[in-house]
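Asker: Just passing along the structure, written as structure tokens.
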Amino acid sequence: MIRKSFFSRNSINLRFASSLTSFCTRPIFALNLSSCQSGVALLLAVLLIVGSACFRHLSLAIHINDTMSQQRLIENIEVSVVMPCLNEAETLKICIDKVIRCLNENDVIGEVIIADNGSTDGSPKIAALAGARVVMVDSKGYGNALIGGIGAARGRFVIMGDADDSYDFSSLMLFIDNLRKGSDLVMGNRFLGGIAPGAMPPLHRYLGNPVLSGLGRLFFGCPVKDFHCGLRGFSCEAFKRMNLQTTGMEFASEMVVKATINGMKITEVPTTLSPDGRTRAPHLRSWRDGWRHLRFMLLFSPNWLFFYPGLLLMVIGLGVGGWLLPEARKLGQATLDLNTLAYSALAVLLGFQSALFAVFTRTFASTQGIGKESKLLKKLYRYVKLETGLIIGGLLVCLGLGGSILVTLGWSERGFGELNPSEVLRQVIPSILAIALGFQIVLGSFFLSVLGLKRKGGEK
């Protein structure tokens, strides 16, 4: 494109110079001037042509140099500050100005990216005039907006924050310095930095955030004390490794969880929270978005959602069933007998299903790259094969069928007449439970083997 432009411009110059020469020499012949005067006119025309060509060459060189300088500047961008935006006209310019001032004062080469998610109040124009780069994101949602904005970032590091003027964008160096030192994710901690009066609703401050942050530490071993602070920084390489997928407010939880699961270095720095500068209601909905965070953590932690409750249910069922199997028992004034025995068998069956589903979920997650494979499961797969499951399941089925046959034989000895329920059901219930468990183990072994095909393939 540069060569084409250059030659087209110079052909215009030549045509112009030719016309000018013709214009300058025409009077020479028309007026029959002296040879000296003709020579001077011709010399002026030649100088004009050469000067024009030199000027065009110089302009082109300057343009190329500016383009190369811009390219070098883009390549040297260190920090991209990304803000999701949906009708933030009241506070957007304030936030952008704070970021630019902070970067300039600390000699940081950076950029501001506004990920607009469908604003109708003129926010994109305000952002562009303030010196930010606007990225239009059509897919709605907090997570979608950030994924779009971060995907357009040209910096080595990214700092994300809300555009409502609640976070202190003048203190970005705390985040940048820690990222430079090798942290993969730098989280702001509002409880360490300070929360101004009215900046955080009491429901969030004393219930929502502490509970969700506590569950995050319990479920995943996250070192983060303020799980949902919106001001955070990370390297672009770390962001790619996280492979974030959620589209809503739970995006914030997913980032911390996946950073922890992937063994990334997470650092917390104090940051302040001020009341936002908007007159409209915030986009955040306490109960709806709180549930989305909790749901994500539960779904991403199958041990706590399925395995541990299932294991507890199995232990209770086996304990109560074993206690009631010989005879009816007294518990205070109540007599626990066959009905309780049947429910205890159901507890064992449901508990086993829940625990087995947790194994399915963890295995599937590891094959899809959603999370790391459990060390316990990895060891289990080394020694427990399809054949192992088939043998164990087959033995349980046979055991249950054997018990059923014994009950049938006893019934036949009595001429297939009436039976004592208290005696018969104490044999039938365990037999049915053994058959059901054995059948589930067989099916589960086949399903885990199918999932394991991709898992083994990925290990090669």
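Asker: Those residues that are in contact (Cβ under 8 Å) with a residue 12 or more places away in the chain and polar (S, T, N, Q), I need them from the range 420-441; list them, please.
Answerer: SER422, GLN427, SER431, GLN440
Asker: Just name the residue that is farthest from the chain's Cα centre (by Cα) out of those in the range 252-280 that are modelled with pLDDT under 90 and either aromatic (Phe, Trp, Tyr) or within 14 Å of GLY161 (Cα to Cα) (or both).
Answerer: Per the stated criteria, the residue is ASP276.
Asker: Scan the range 330-343 for residues that are part of a strand (DSSP E or B) and surrounded by 14 or more Cβ atoms within 10 Å (Cβ to Cβ) and jot them down.
Answerer: Result: LEU336, single match.
Asker: Exactly one condition in (1) touching a Leu at 6+ places or on another chain (Cβ under 9 Å); (2) not assigned by TED's automatic domain parsing to the domain that holds PHE360 is not met by GLY310; state its number.
Answerer: Checking GLY310 against (1) touching a Leu at 6+ places or on another chain (Cβ under 9 Å); (2) not assigned by TED's automatic domain parsing to the domain that holds PHE360, the one that fails is (2).
Asker: Looking at the range 71-87 only, could you name the residues that are surrounded by 13 or more Cβ atoms within 10 Å (Cβ to Cβ) and closer than 19 Å to VAL158 by Cβ?
Answerer: Result: ILE77, GLU78, VAL79, SER80, VAL81, VAL82, MET83, PRO84, CYS85.
Asker: Of everything in the range 250-274, what is in a loop (DSSP other than H, G, I, E, B), crowded, with 22+ Cβ neighbours inside 10 Å and not polar (S, T, N, Q)? Give them in sequence order.
Answerer: GLU250
Asker: Hey, another quick one. Quick check on my filter: what residues within the range 392-404 are surrounded by 14 or more Cβ atoms within 10 Å (Cβ to Cβ) and either outside the structural domain of GLN353 (by TED's automatic domain parsing) or of a type in the set (A, V, I, L, M, F, W, C) (or both)?
Answerer: Across the range 392-404, the qualifying residues are ILE392, LEU396, VAL397, LEU399, LEU401.
Asker: Also, quick follow-up: Sort through ASP162, ASP116, ASP121 and tell me the only one that's within 18 Å of the chain's Cα centre (by Cα) and among the acidic types (Asp, Glu).
Answerer: Just one listed residue meets the conditions, ASP162.
The values are calculated or read from the model by the stated rules, or taken from the named source; none is laboratory data. All figures in this text were calculated on a predicted structure; none of them were measured in a lab. Quick reminder, even Gly has a Cβ in these numbers, built from the backbone with ideal geometry, and neighbours come from all protein chains shown.
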